[in-house]
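In what follows, a structure is listed as structure tokens, so that the remarks can point back to it.
The values are calculated or read from the model by the stated rules, or taken from the named source; none is laboratory data. None of these values were measured; they are calculated from a predicted model. Cβ coordinates were reconstructed from backbone atoms using ideal geometry, including for glycine residues, and neighbour counts include every protein chain displayed. We work out accessible area using only protein heavy atoms, side chains counted, and drop any ligands, DNA or RNA first. Shrake-Rupley method; radii C 1.70, N 1.55, O 1.52, S 1.80 Å.
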Amino acid sequence: MEKKNIDWSSLGFGYIKTDKRFVANFKNGAWEEGVLTEDSNVVISECAGVLQYAQTCFEGLKAYTTEDGKIVCFRPDLNASRMADSCKRLQMPVFPEDKFVEAVVETVKANAAYVPPFGSGATLYIRPYMFGSNPVIGVKPADEYQFRIFCTPVGPYFKGGAKPITIRVCDYDRAAPHGTGHIKAGLNYAMSLYQIVDAHEQGYAENMYLDAATRTKVEETGGANFIFITKDGTFVTPKSDSILPSITRRSLMIVAEKYLGMKVEHREVYFDEVKDFAEAGLCGTAAVISPVGKIVDHGKEILIPSGMEEMGPWTKKLYDTLTGIQMGKIEAPEGWIKEIM
Ligand code: PLP
Ligand code: COI
């Protein structure tokens, strides 16, 4: 298969329209089979549930070309089950989890020419999503839904790739206790836009959100979970009911323990502790592992000892092992890699 003529290594994290996308409709209480289509436009009622009351959720995962030329994706079953959780919380019908994985495979296969080559530094980002499509004017769930998957080749989420970033402590909250922070609802991202635009204007790459109830504990950023490394090499990552259960973070906890022999702590992390960590990073599908070099708290700078030049040594080991597993250079735990073609 001939690849598209794209300058893979200069890609940022943006949208490039590919050839095919998957669409399935939910009507009269049932999902239709779904098809691949070339039509990238969505036509819905002006009163669709998604447009009036933001009834929508999404997922994000990536396809990779391995060293031996296969196309694979990483733990799509976990995206399927997280999307099921999002749908239940938003009163949306679950797209069957096995069908979700099949649809991901079909969509990637149909766009194989857009999967960046091994070693190019780029990957194919896959975006499954669902929304209420029929008219809803009283506040209630829609009766009809559309589930779609498109994909787009992407480079690094943060400019500069693996260079450490500077973030700031945000004065706004991302998610309420007992709210929707643990699911991938579009509304969580809509309400973060004001903060991210402001952060960028002030020269910060991301916002560090604290827990809304006490503002003493580290939660996550707008699009990634945190990982920290203590001075004695322990892997620490925040536990909270109001953050997204990152698949990357859950995988890194296993990589840290089983591949790198690190002690792993998944626990509440107080902001006061952050100054004592040796390394810090953001992790997620888009972020992969993005090292954090500086955290600014209302003018007070916390300089992470690993610095602003490169990833800290443990972060680098975690990064190399995780991406090595994703790209077929390192043997993966059972069931982590879904071969597409
Ligand atoms: N946290 C938020 C708010 C996110 O949007 C994402 C991205 O999906 C993550 C964390 C990382 O999750 P994952 O590793 O499953 O991509
Ligand atoms: C992802 O990592 O897949 C996300 O959805 C995060 C988003 C900020 C792009």
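Per-structure values
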item: Calculated P(r) of segment 165-326 - Cα pairs past 28 Å, %; result: 14
item: On Cα atoms only, tilt of 97-110 relative to the major axis of the chain in degrees; result: 90
item: Computed over segment 167-281: relative contact order in percent, which uses C-alpha pairs under 8 Å that are six or more apart; result: 27
item: Sequence of Val218, Val42 from largest to smallest accessible area, 1.4 Å probe; result: Val42, Val218
item: Label-to-label distance, nm, for residues given as Lys263 and Ser45 (7 Å Cα→Cβ offset); result: 5.8
item: Dipole of the chain, positive direction: furthest Cα of Phe271, Ser9, Gly49, with charges on the beta-carbon; result: Ser9
item: Separation between Cα centres of segment 1-57 and segment 249-283, rounded to whole Å; result: 35
item: ³J(HN,Hα), Karplus 6.51/-1.76/1.60, whole Hz, each residue of segment 155-171, x for Gly, Pro; result: x, x, 5, 9, 3, x, x, 8, 5, x, 10, 10, 10, 10, 6, 9, 7
item: Segment 56-119, dipole about Cα centre (Lys/Arg Cβ +1, Asp/Glu Cβ -1), debye to the nearest 20; result: 200
item: Ser9 accessible area, assembled protein chains, probe 1.4 Å, Å²; result: 90
item: Percent of C-alpha pairs per 10 Å bin, the chain, short to long; result: 5, 25, 33, 26, 10, 1
item: Calculated Rg and Dmax of segment 91-241 using C-alpha coordinates, Å; result: 18.7, 57
item: Estimated FRET transfer efficiency when R0 is 22 angstrom, pair Lys140-Ala176 (beta carbons, to 0.05); result: 0.50
item: Accessible area in the full protein assembly, largest first, 1.4 Å probe, for Thr230, Thr214; result: Thr214, Thr230
item: Residue pairs, from the table Lys27/Lys62; Lys70/Lys163; Lys88/Lys258; Lys62/Lys88; Lys20/Lys70, whose Cα atoms sit over 26 Å apart; result: Lys27/Lys62; Lys70/Lys163; Lys88/Lys258
item: Accessible surface of segment 153-222 [probe 1.4 Å, protein heavy atoms]: carbon and sulfur percent; result: 58
item: Extension reserve of the Val101-Glu310 stretch, reckoned as 0.36 nm per residue once the Cα distance is removed; result: 71.6 nm
item: Simple spin-label estimate for Thr234 and Phe13 in nanometres, 7 Å along Cα-Cβ; result: 3.0
item: For peptides 329-337, 157-165, sequence by mean Cβ density within 10 Å, most packed first; result: 157-165, 329-337
item: Among Arg21, Arg215, Arg75: highest mean-square fluctuation, GNM of the chain, C-alpha pairs under 10 Å; result: Arg215
item: Heavy-atom accessible area per residue - the chain, 1.4 Å, Å²; result: 45
item: Computed accessible area, Tyr194, all protein chains, 1.4 angstrom probe, square angstrom; result: 150
item: Gaussian network model of the chain, springs between alpha carbon atoms under 10 Å - residue of Leu124, Leu260, Leu61 with greatest fluctuation; result: Leu260
item: Solvent-accessible ranking of Tyr15, Tyr125, largest area first, probe 1.4 Å; result: Tyr15, Tyr125
item: Probe 1.4 Å - accessible area at Lys294, Å² to nearest ten; result: 50
